[in-house]
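**Q** Please see the structure below; I have some questions.
Just so you know, all these numbers are worked out from the coordinates, no wet-lab data involved. In this text, all values refer to a predicted model and were calculated from it rather than measured experimentally. Here Cβ is always computed from backbone atoms with ideal geometry, including for glycine, and neighbour counts include all displayed protein chains.
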Amino acid sequence: MKSLTFFVTASLLSAASTPAYGVVTTFTEGSSFDAALDSAWSRYAEDFSGVSDGVTASYTISTTGLSTTITPETGAALFTYSGNSYNGALSNFNSTNGFNFSIDEGFVYAMSFDLFLTDFSGSVVTETSPAAIYVNGVMVDSVAMSDADTFWGFVSDTPVNSIFIDYNGTNFLTVDNVDTAFSTVPEPATYAGLAGMAALGLLWTRRRRTA
């Protein structure tokens, strides 16, 4: 019985020690990104075409089953562009400053966006300083932004809760056409991880009672 208990405990501890986040695949072409999406996921696209010019502390992308809050890297504000050639975008009010995407509702498995740089007038500029992109705190790619059509996206096999775009150049980091693929319930693999944790907790409780 002791051997069986040790085997079960070791197996559960192994499952519990497995990283909570899975494999992230990155894309630089929209067609490849679209082809990698699960047909069961819902999608919501934010093109910022309905925004008016102004400054805001944060911006929330929201629809049924999904809420994502975009904030600046530090205390700087965000500003929205409306009357420009790309018809709406979200930019950081402080140069050398990135974006934080926080998933507040929904199970997000994929996201894409156009990432580029602008000057204070909102005109697109090119720069050699790339942006580093982190998913769940892990750097997954570096993107050189050449024009307003610089596409970038990722697909994860487990839900993500944060995306961070780190930029340390001299212009204003700008994002447009944020496309999110999400589910309102976890995928089966996520359920399996939760079940393993629950079983480990139950086993630990029983062992304490019998001690």
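**Q** How big is the dipole moment of the range 24-185 about its Cα centre under a simple scheme where the beta carbon of each Lys and Arg is +1, that of each Asp and Glu is -1, and everything else is neutral? Debye, nearest 20, please.
**A** So the dipole magnitude of the range 24-185 works out to roughly 240 debye.
**Q** For THR26 and ARG43 in one chain, what is 0.36 nm times their gap in residues minus the Cα-Cα distance, to one decimal in nm? List each step's numbers first, then the result.
**A** Values: separation 17, 0.36 × 17 = 6.12 nm, distance 1.76 nm.
Contour length minus the Cα-Cα distance gives 4.4 nm.
**Q** Still on this model: Please say if the range 24-185 is rounded, prolate or oblate, where rounded means a/c under 1.5 for a ≥ b ≥ c the square roots of the C-alpha gyration tensor eigenvalues, and otherwise the choice is prolate for a/b larger than b/c and oblate otherwise? Walk me through the numbers on the way to the answer.
**A** Details: a/c = 1.59, a/b = 1.39, b/c = 1.14.
Verdict is prolate for the range 24-185.
**Q** In what order do THR150, THR174, THR128 fall by count of nearby beta-carbon atoms within 10 Å, going from fewest to most? It would help to have the intermediate numbers written out before the result.
**A** On the way: THR150 19, THR174 26, THR128 8.
In increasing order of surrounding Cβ atoms, one gets THR128, THR150, THR174.
**Q** Assuming R0 = 22 Å, what is the FRET efficiency of SER62 and SER95, from their Cβ-Cβ distance, to the nearest 0.05? All intermediate terms of the calculation are to be shown ahead of the outcome.
**A** Numbers: r = 28 Å, r/R0 = 1.27.
The pair SER62/SER95 has a calculated efficiency of 0.20.
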